[in-house]
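Worksheet for the structure shown next.
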Amino acid sequence: MINNDLLLVIDMQNVYTKGQKWACLDTEGAAKRTLSVIDAMEQAGNHKIMFTRFLADEHPEGVWKQYNQENAEVNASVWDNEMLPQFADALRKYPLYTKSVYSSLAIPEVLEAAKKADRVVITGVVAECCVLSTVFALIDAGIYVVYLTDGVSGLDREKEAATELVLSGLAPLHLSMMTVEEYFGEYTESH
């Protein structure tokens with residue numbers, strides 16, 4: 001099924017790496033495993049890969065005004081908001097879209113591509129925030145999700161586990177949860 005999947009890499013930005021203000025538990029590990037998925041998809045001839053990033057809205061409304069005030073330092077930092085350098089090669093080949101809300105499906109191009117895919121494979125950060133919001137939006141749009149548990153990182157293991165617990169209630173009808181290795185195994189079995 002890998003040939004008809006869309007890989008959606010959510011918000012793999014510097015600010016989520018170790019030692020940074022919004023550091024997640026294993027951003028670097030999730031990035032490494034995501035790169036292996038990109039390689040596998042390319043080898044299978046599938047180039048349906050998209051990246052998103054979060055950048056604060058310059059003209060926020062409602063609670064986003066407070067969000068911008070509390071996170072002004074991160075919002076102003078070019079380096080914090082840049083994509084992880086290990087994705088530089090992939091970003092030369094695949095589109096990067098910007099959003100100023102949590103869900104990547106707020107981006108029309110992402111929604112359009114997701115609707116054309118058999119499934120959307122999810123990696124990225126933050127599990128309990130942008131990733132979870134995107135997964136719910138995909139499901140609401142009737143799109144099947146593959147949630148790669150070790151390709152996603154949350155702020156800590158407790159929040160990652162809580163996110164997986166919530167999503168497990170939607171499996172298998174709306175989504176599958178698996179490791180990157182299990183995803184590769186699924187592909188191998190179908191060929």
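In nm, to one decimal, how far is the Ala44 label point from the Trp64 one, both placed 7 Å along Cα→Cβ?
My value for the distance between the label points is 3.5 nm.
What are the ³J(HN,Hα) values, in whole Hz, obtained from phi via the Karplus relation 6.51 cos²θ - 1.76 cosθ + 1.60 with θ = phi - 60°, for each residue of the range 162-167 in sequence order, with x given for Gly and Pro?
5, 4, 5, 5, 4, 5
So which aspartates and glutamates can Lys159 reach, going by Cα to Cα under 13 Å and dropping same-chain residues fewer than 8 places off?
Straight-line reach from Lys159, under 13 Å: Asp26, Glu128.
What FRET efficiency do you get for Glu73 and Ala106 if R0 is 22 Å and r is their Cβ-Cβ distance, rounded to the nearest 0.05? Mind dumping the intermediate values first?
Working: r = 24 Å, r/R0 = 1.11.
That gives a FRET efficiency of 0.35.
At 1.4 Å probe size, what's the solvent-accessible area of Glu164? Round to the nearest 10 Å².
Probe radius 1.4 Å; accessible area of Glu164 about 40 Å².
If you restrict to DSSP beta bridges whose two residues both lie in the chain, what percentage is antiparallel, to the nearest 5? Walk me through the numbers before you get to the answer.
Working: 1 of 25 bridges.
Rounded to the nearest five, the antiparallel share is 5 percent.
Counting only protein chains, not ligands or nucleic acids, how are Asp26, Asp89, Asp140 ordered by accessible area (probe 1.4 Å), most first?
Asp140, Asp89, Asp26
The values are calculated or read from the model by the stated rules, or taken from the named source; none is laboratory data. Keep in mind that what you see is a predicted model, and the values were worked out from it rather than measured. A quick note on method: Cβ atoms are made from the backbone with ideal geometry, for glycine too, and the neighbour counts reach across all protein chains shown. These area figures cover heavy atoms from the full protein model, side chains too; ligands, DNA and RNA do not enter into them. Shrake-Rupley method; radii C 1.70, N 1.55, O 1.52, S 1.80 Å.
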